[in-house]
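Scroll down for the structure; my scribbles are underneath it.
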Amino acid sequence: MNAVVILFPGSNRERDVANALRRAGGVAPKIVWHGETELPAGTDLVVLPGGFSYGDYLRCGAIAARSPIMDAVRAHAARGGLVLGICNGFQIAVEAGLLPGILTRNANLRFLCHAQHLRVERNDTPFTRRYAEGQTIEVCIAHGEGNYFADEETLKRLEGEGRVAFRYCDANGEVGGAANVNGSINDIAGVYSETFNVLGMMPHPENLVDAAVGGIDGAALFAGLAEAA
Amino acid sequence: MTQTEPAITPDLVAAHGLKPDEYERVLALIGREPSYTELGIFSAMWNEHCSYKSSKRWLKTLPVTGPLVIQGPGENAGVVDIGDGDVVVFKMESHNHPSFIEPYQGAATGVGGILRDVFTMGARPVAALNALRFGDPEHPRTRHLVSGVVAGVGGYGNSFGVPTVGGLVGFHTRYDGNILVNAMAVGLAKADAIFYAKASGVGLPVVYLGSKTGRDGIHGATMASAEFDEGSEEKRPTVQVGDPFAEKLLLEACLELMASGAVVAIQDMGAAGLTCSAVEMGAKGDLGIRLDLENVPTREEGMTAYEMMLSESQERMLMVLHPEKEEVARAIFVKWGLDFAVVGHTTDDLRFKVYLNGELKADLPIKELGDEAPEYDRPWVETPKSQRVEAANVDAPCDTREALLTLIGSAELSSRRWVWEQYDHIILGDTVQKPGGDSAVIRVEGGPKGLALTADVTPRYCEADPFEGGKQAVAEAWRNLTAVGATPLAVTDNLNFGNPEKPEIMGQLVGCIRGIGEACRALDFPVVSGNVSLYNETQGRGILPTPTIGAVGVLADVARSATVAFKREDEAILLIGDGKGWLGRSCWLWLVAGREEGAPPPVDLAAERRNGDFVRSMIAAGVATAVHDLSDGGLLVAVAEMALAGRIGARLDAPHGAPHGYFFGEDQARYLVTVAEPSVGMVIDAASAAGVTAARIGTTGGDRLIPGDEAPILLEELRESHEGWFPRFMAGPAVDAAPAS
């Protein structure tokens, strides 16, 4: 598994996700500067990390999505290469056209950081192979603009094709209601691309890979990815 | 292009915050009338905020050294050895006045400023804390200020990428017109890679880095050195605007530059911007500095020398570089998209010379600018002592159950979850104990070593007795570090007071500093950095004296840190320390009985040390399963917090003495500790051998608190009360943009 983490100006969870890949997956990723135009040869996984690329100015992820490296990332995805966008990385992925929909301000208009349960919708993807279908996991969120929205037609396709990766739920796996913390349509916390090689998600599995620091429910995602390529 | 500069008149001098005798001092020092730019420079260097002219005499009495102290006060931040070649770098600083005028940007730039102080020393910031004080919740402006300040603190820290792991929020009507925003930053560095402001070497380039200079923040430090009045709203333009994105880039670029070996000296541009940073770098290194301002990157056309010297635009740094590394340095800054400009050089004439397009705008003796700043021994009077309040002489207006529900759901003691959930407290992946416990605990990257962090002060105690209040602020911080199992290391102090020209306010400042000094000496807890914020007054009314203490401790293994949550049913609850049912200035007396009076609890520093060392040893031995220090609200509030955190109730033995004194008294040097049943005898024997009072007061278990033979309280009721206040308060009717009082 050859992994890279793209470093945009304003990224701030690049070290967190690199540590998670190392700790849970035994993978030491390369850090690639946004101004590069090519990915290292043999790249299997590209991570778009969390943060506030370009200060979230203009629109979250919009400027980073136009970075020189993003053409190479799109080409990598088109070849079937794996791409994981977390939080700001998810926002960048939708702005770059790698995933459908858009992320808007949380329904209560506040930044939210707390533990959050998710329901794993399917376990036959490279990202979720170590989870059980329908499993409830506890990760955390830290975002101000994670309110997922897609138009009716797109949503119908996403649901019809089983492309919802995670939904916000409570500790018992019950989806919706107060468990939907940011107002996301259909309680969507993460979505896949058509071919399931790109995943974008708002919550942070990379901060839940260590029992000493909150829990280990995020570890299976990175361990599974390490086996996937 | 020549611009006419205003003539120096007494009114202009006064508008610069210089008193007539201070202006005489200027004339005596330079032997002529200052230019307009020079007047601005003196105003910047000699205001209270930058010169500490009212507090310096007393600050000198604080203990600032210790075997682990690498850098005490006087640099951008304090530095303390934590072993293995690692150091912790930290400081707390206020941004009170700007936050009242423009809460979001005021708070945000406060956070930005303190983060910059830490990474200027070569440390990567790993945690942030803050101490916030607002007015009465009923005041029409309070909700607007809470909302803006919390969003601003979060907006900056979250984007910059530092976890905000702890702090405090308080409300009192005495902050109605002057809120407090005290921000603390903590960073980690290697002991052999710390950077200082002191320049060395003649003819070296002085380099400007970071964001461009604009007209924002001109005279911010002068504003922070004056009382508020009805016109304060008009000072909104002097509040700077923060750009956390630029700061994040500046952090990465500075750390990369420091690693390249190019940096001789570095100073961030904080209060009084280019003036303060240039003068400090030169004066500390016994060098002169020449600046050529036409090279300063500016946001706006036609800025004058005066404006450039006084701008407080954010996210800027000044460095002295090794000339042969200039191109390496430039390449790093270009890569991060930041401005890099050589704006001057060091000289051997000990003058501070400022040129604009070749025209000399200021020529001042660089050492005297700082050293000859006025220093006052202001008259002060001791705060009159308050009477002791005996529990036996106070009628309880309600039973224990109702009192507990009132306290735990009050503005003062309710859960701060609404606040800290807006702060990213988990980024970096090392937050072992998040906000809500006695101290935050973060792992030093890789572990198992960790840091414990807290910020404390009880202003109502300081108001009643500044000396005991100053002691208590330090003791409580020490206790909070101890309660998680950490060894306390050192503190940073952020002294917030009213107008020091009033003898009774000066008496509060003197009393608090003396109390802090006494406690820090007794607990081997030196002050390594700090900040003073005076003139926190509006229309003649001062804030409660608020000397916030930020403190850092070290843990050998974060896996062994203790938390407040009850862990198991049927464990013994032990009270460590002596209590007499001290109700004077307690939360109970204030919030339940409606009386803000009495002498605050005295602090026995020997008992603090003895009891704390004992509790720490029980944590280290793995015997203590949960630990909580006793502070606001006393014993029963502490039990309730432990029960709520652990979702396990407790049965308490009948009180000794009056129930309100026993359950809600705020006697100091006390902790609650839970231990498994078989360990009880051993712990009590060990306590006795250590000269520590330890008594079993109850047992964990069930879904409710049972205070002796009084009415029980369900945990669910407690939780609703505790968690409910803040969200309900913030969801109240909109009061944004209420006029200043």
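The amide H of B:Arg316, built 1.01 Å from its N in the peptide plane, has B:Ser211, B:Met269 as neighbours under 5 Å, considering only residues 5 or more places off or on other chains. Over all other residues within a Cβ to Cβ distance under 11 Å of B:Phe340, the charged ones net out to -1, with Lys and Arg as +1 and Asp and Glu as -1. Helix B:605-620 and the longest principal axis of the Cα set of chain B meet at an angle near 80°.
Please name which of B:Ala362, B:Thr120, B:Leu132 has its Cα lying farthest along the dipole of chain B towards the positive end, using unit charges on Cβ (Lys, Arg +1; Asp, Glu -1) and the Cα centre as origin. Selected residue: B:Thr120.
Phi-derived couplings, Karplus 6.51 cos²θ - 1.76 cosθ + 1.60 at θ = phi - 60°, listed residue by residue for region B:442-452: 10, 7, 6, 2, x, x, x, 5, x, 10, 10 Hz, with x used for Gly and Pro.
Cross-link pairs exceeding 24 Å between alpha carbons, from the set B:Lys284/B:Lys449; B:Lys335/B:Lys449; B:Lys56/B:Lys471; B:Lys19/B:Lys502; B:Lys91/B:Lys471: B:Lys284/B:Lys449; B:Lys335/B:Lys449.
FRET efficiency for the pair A:Arg59 and B:Ala676, taken as 1/(1 + (r/R0)^6) with r the Cβ-Cβ distance and R0 = 45 Å, rounds to 0.25. Calculate the length of the line joining the C-alpha centroid of region B:348-382 to that of region B:500-519, in whole Å. Here the two parts' Cα centres lie 28 Å apart.
Only Cα pairs under 8 Å and 6+ residues apart enter the sum, and on that basis the relative contact order of chain B stands at 16 percent. When both region B:674-706 and region B:384-440 are represented by their alpha-carbon centers, they are found 23 Å apart. Taking every DSSP bridge with both residues inside region A:3-228, close to 60 percent are antiparallel.
Per residue, the convex hull spanned by the alpha carbons of chain B comes to 141 Å³.
When the alpha carbon gyration tensor of region A:85-207 is reduced to an equivalent ellipsoid, its three semi-axes come out at 18, 17, 14 angstrom, largest first. Shape of the protein assembly as shown from the C-alpha gyration tensor: oblate (a/c of 1.5 or more and a/b not above b/c, with a ≥ b ≥ c the square roots of its eigenvalues).
Averaged over the residues of A:133-142, the number of partner chain Cβ atoms lying within 10 Å of the residue Cβ comes to 2. Hydrodynamic analysis of region B:541-609 uses the Kirkwood radius over alpha carbon pairs. Inserted into Stokes-Einstein at 20 °C and 1.002 mPa s, it gives a translational diffusion coefficient of 129 µm²/s. The modelled label-to-label distance for the pair B:Asp613/B:Ala193, using points 7 Å beyond Cα in the direction of Cβ, is 3.7 nm. Only helices enter the 222 nm calculation for the protein assembly as shown: every DSSP H run of n ≥ 4 contributes -39,500 (n - 2.57), and dividing by all residues gives -9000 deg cm²/dmol, rounded to 500. If you restrict to DSSP beta bridges whose two residues both lie in the protein assembly as shown, what percentage is antiparallel, to the nearest 5? Bridges in the protein assembly as shown are about 75 percent antiparallel. Summarised as an ellipsoid, region B:504-552 has semi-axes of 24, 12, 7 Å, derived from the eigenvalues of the Cα gyration tensor scaled by 5 and square-rooted, with the largest first.
Distance from the C-alpha centroid of region B:36-112 to that of region A:99-168: 44 Å, rounded to the whole angstrom. Per-residue extension of 0.36 nm, minus the Cα-Cα distance of B:His656 and B:Lys56, leaves a gain of 211.3 nm for this segment.
Here the simple spin-label model places points 7 Å from the Cα toward Cβ, and for B:Arg388 and B:Leu350 these points are separated by 5.8 nm.
The spread of Cα positions in region A:148-202, taken along each principal axis and listed from longest to shortest, comes to 30, 22, 17 Å.
Using unit Cβ charges (K, R positive; D, E negative) and no other charged atoms, how large, in debye to the nearest 20, is the dipole of region B:79-202 about its Cα centre?
180 debye
Tell me the GluC sites (Glu not before Pro) within region B:238-334 that lie in a loop according to DSSP and have at most 11 other beta-carbon atoms within 10 Å. When the GluC sites (Glu not before Pro) of region B:238-334 are filtered for loop state and at most 11 Cβ neighbours within 10 Å, B:Glu301 remain. Annotation: amide H of B:Ala624 within the under-5 Å range of B:Ile619, sequence separation 5 or more or interchain, hydrogens built in the peptide plane.
Given Cα pairs under 8 Å that are at least 6 residues apart, what percent is the relative contact order of region A:76-154?
Relative CO of region A:76-154 lands at 33 percent.
Between the Cα long axis of helix B:634-646 and the first principal axis of chain B there is an angle of about 90°, rounded to the nearest 10.
Inter-chain Cβ neighbour count for B:158-167, averaged per residue, equals 4 (cutoff 10 Å, partner chain atoms only). On full extension, the segment bounded by B:Ala695 and B:Glu597 gains 32.3 nm, given 0.36 nm per residue less the C-alpha separation. Backbone geometry of region B:28-36 corresponds, through the Karplus equation with coefficients 6.51, -1.76 and 1.60 at θ = phi - 60°, to 3J(HN,Hα) couplings of 5, 5, 9, x, 6, 6, x, 6, 4 Hz, x marking Gly and Pro. Peptides B:561-574, A:121-134, B:506-519 ranked from most to least packed, by the mean per-residue count of other Cβ atoms within 10 Å: B:506-519, B:561-574, A:121-134. Peptides B:580-590, B:174-184 ranked from most to least packed, by the mean per-residue count of other Cβ atoms within 10 Å: B:174-184, B:580-590. Rounded to the nearest 20, the Cβ-based charge dipole of region B:1-124 about its Cα centre (Lys and Arg +1, Asp and Glu -1) stands at 240 debye. Scaling against 2.2 N^0.38 Å puts the C-alpha radius of gyration of region B:572-697 at 1.04. Using only Cα atoms, tell me the angle between helix B:326-335 and the longest principal axis of chain B; keep it within 0 to 90° and round to the nearest 10. The angle comes out at about 60 degrees. Only one residue of B:Trp725, B:Ala599, B:Val79 has its Cα farthest out toward the positive end of the dipole of chain B, where Lys and Arg carry +1 and Asp and Glu -1 on Cβ, and that residue is B:Val79. Here the 3J(HN,Hα) profile of region B:512-526, calculated from phi with Karplus coefficients 6.51, -1.76 and 1.60 at θ = phi - 60°, is 5, 5, 5, x, 4, x, 4, 5, 5, 5, 5, 9, 6, 9, x Hz, Gly and Pro shown as x. Put simply, the amide H of B:Ile289, placed in the peptide plane, has neighbours under 5 Å in B:Thr347, B:Arg351, B:Phe352, B:Lys353, leaving out anything fewer than 5 places away on its chain. Each Lys and Arg Cβ is given +1 and each Asp and Glu Cβ -1; about its Cα centre, the protein assembly as shown then shows a dipole of about 1180 debye. Ranked by the mean number of other Cβ atoms within 10 Å of their residues, highest first, the peptides B:261-268, B:59-66 come out as B:261-268, B:59-66. Just to be sure I understand: of the beta bridges DSSP finds with both ends in region B:456-580, what percent are antiparallel, rounded to 5? Beta bridges within region B:456-580, antiparallel portion: roughly 65 percent. Divided by 2.2 N^0.38 Å, where N counts the residues, the Cα radius of gyration of region B:160-224 comes to 1.75.
Rounded to the nearest angstrom and listed largest first, the equivalent-ellipsoid semi-axes of region B:525-565 from its Cα gyration tensor are 36, 15, 6. The alpha carbons of region A:3-228 occupy a box of 44, 36, 32 Å along the principal axes, longest dimension given first. Per residue, the convex hull spanned by the Cα atoms of region B:470-531 measures out at 73 cubic angstrom.
Note on region A:3-228: dipole from Cβ charges, positive end direction compared against A:Thr154, A:Val139, A:Asn186; the farthest Cα belongs to A:Val139.
Contact order, relative form, for region A:3-228: 22 percent (alpha carbon pairs under 8 Å, 6 or more residues apart, mean separation divided by residue count).
Taken together, the values in this text are just the output of simple stated rules run on the coordinates, not laboratory data. Remember, it's a predicted structure, so these values are computed and weren't measured experimentally. Don't worry about glycine lacking a Cβ; one is built from the backbone with ideal geometry, like all the others, and counts go over all protein chains shown.
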